[in-house]
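Bear in mind these aren't lab numbers, they're just calculated from the coordinates by the rules spelled out. As the structure is a prediction and not an experimental result, all values here were calculated from the model. With ideal geometry, Cβ positions are generated from the backbone for all residues, glycine too; neighbour counts draw on all protein chains shown.
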């Protein structure tokens with residue numbers, strides 16, 4: 001990367017200028033029949049699948065190396081930091097989430113894998129937004145001597161991929177945080193669940 | 001609960017009416033020096049800790065029962081569904097995230113526990129919002145004969161708590177999804193990481 005990304009200005013965004021997200025004023029009746037109001041943010045890009053985004057937990061298998069996964073590092077303006085995330089992306093308008101997960105893994109990491117499983121639709125931050133997603137598990141079988149493939153990034157995408165042995169994932173996230181990067185909550189939870197199983201049960 | 005919560009109307013929310021969230025127009029310079037714009041949603045409630053919210057992974061230990069955790073079920077207007085989540089809540093203006101996690105666990109579940117660990121600040125959906133959080137691990141030691149404590153809910157809060165043995169958590173989330181509830185992505189990832197460790201490694 002030639003230089004670090006940075007924020008130059010933050011100002012309130014009028015609703016009528018927003019292209020990607022919108023605000024909803026939700027009127028609802030609670031469990032006692034009382035009328036109430038909730039404010040939520042919503043993506044405008046949701047397609048016919050009804051699912052905004054996919055993320056991918058990759059299982060990289062190699063005859064001589066420890067089972068590993070892939071995390072990506074990219075600058076995210078909303079939090080003004082390089083974030084550490086599972087490979088992920090928005091589902092295209094007429095694409096299935098399963099197809100999107102194989103496509104996004106290939107674009108962001110170069111690896112082509114086999115979809116083993118995809119979660120039901122889960123909600124990203126349901127107190128604040130309508131955003132939803134599915135988590136795919138994709139397996140990549142490597143042979144000895146396979147070299148690291150090329151990423152297939154769009155113009156203007158700056159994404160670094162990192163292959164991490166699963167047993168080191170949690171420790172690596174702790175280190176990346178200490179370096180000033182920001183770990184995505186979903187990736188952190190996945191790694192914390194894995195670590196919890198290894199150490200607390 | 002006397003009746004089911006429901007949405008009666010959804011309409012665009014003008015920025016100047018929004019009380020809890022706001023839109024930001026973020027001007028930033030990318031890695032090539034190009035000027036770009038990003039749209040993000042932000043909570044207005046962030047206090048001096050700099051952290052919006054906490055969630056709690058509880059470890060319930062009992063002399064005769066399997067190690068368990070607590071999940072909560074509550075209706076969330078942004079996704080018009082009963083959501084399945086870790087106990088969680090916003091950090092008060094002058095409170096520490098550690099204190100908030102012990103307080104929220106008590107309010108939402110009735111259990112008083114000991115904070116074992118709290119994660120660094122992690123970001124909930126960094127492509128779309130500034131929202132951040134910390135994940136606390138709280139241990140509750142029960143003695144034989146301890147009865148289930150009373151919740152300490154605010155007026156207008158309808159929250160059901162469910163104690164689930166950790167080894168059944170993933171399966172329970174799958175079942176709750178099939179019943180039409182919506183699982184929070186972070187809880188799903190934690191349970192999926194735990195299940196991944198049990199079955200794929």
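Key figures
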{"quantity": "Largest-first principal axis extents, alpha carbons of the range B:51-97, Å", "calculated": "38, 31, 10"}
{"quantity": "Between 0 and 90°, nearest 10: helix A:185-199 axis offset from chain A longest Cα axis", "calculated": "50 degrees"}
{"quantity": "Length-normalised contact order of the range A:25-130 in % [C-alpha pairs under 8 Å, at least 6 apart]", "calculated": "25 percent"}
{"quantity": "D (Stokes-Einstein, µm²/s), Kirkwood Cα radius, chain B, 1.306 mPa s at 10 °C", "calculated": "84 µm²/s"}
{"quantity": "Debye intensity ratio in log₁₀ form over the Cα atoms of the range B:98-146, taken at each q of 0.15, 0.26 Å⁻¹", "calculated": "-0.50, -0.96"}
{"quantity": "Percent of beta bridges antiparallel (DSSP, the range A:46-199, rounded to nearest 5)", "calculated": "65 percent"}
{"quantity": "Hydrodynamic radius (Kirkwood) for the range B:110-190, which is based on Cα pairs only, to one decimal in Å", "calculated": "15.7 Å"}
{"quantity": "For A:131-142, mean number of other protein chain Cβ atoms within 10 Å", "calculated": "2"}
{"quantity": "Cα-based radius of gyration of the range B:21-123 once divided by 2.2 N^0.38 Å, which approximates compact folds", "calculated": "1.41"}
{"quantity": "Sequence-separation-based contact order of chain B, relative, with Cα cut under 8 Å and 6+ spacing, percent", "calculated": "22 percent"}
{"quantity": "Separation of alpha-carbon centers, the range B:156-187 and the range A:26-105, rounded to whole Å", "calculated": "20 Å"}
{"quantity": "Relative frequency of Cα-Cα separations exceeding 30 Å in the protein assembly as shown, percent", "calculated": "40 percent"}
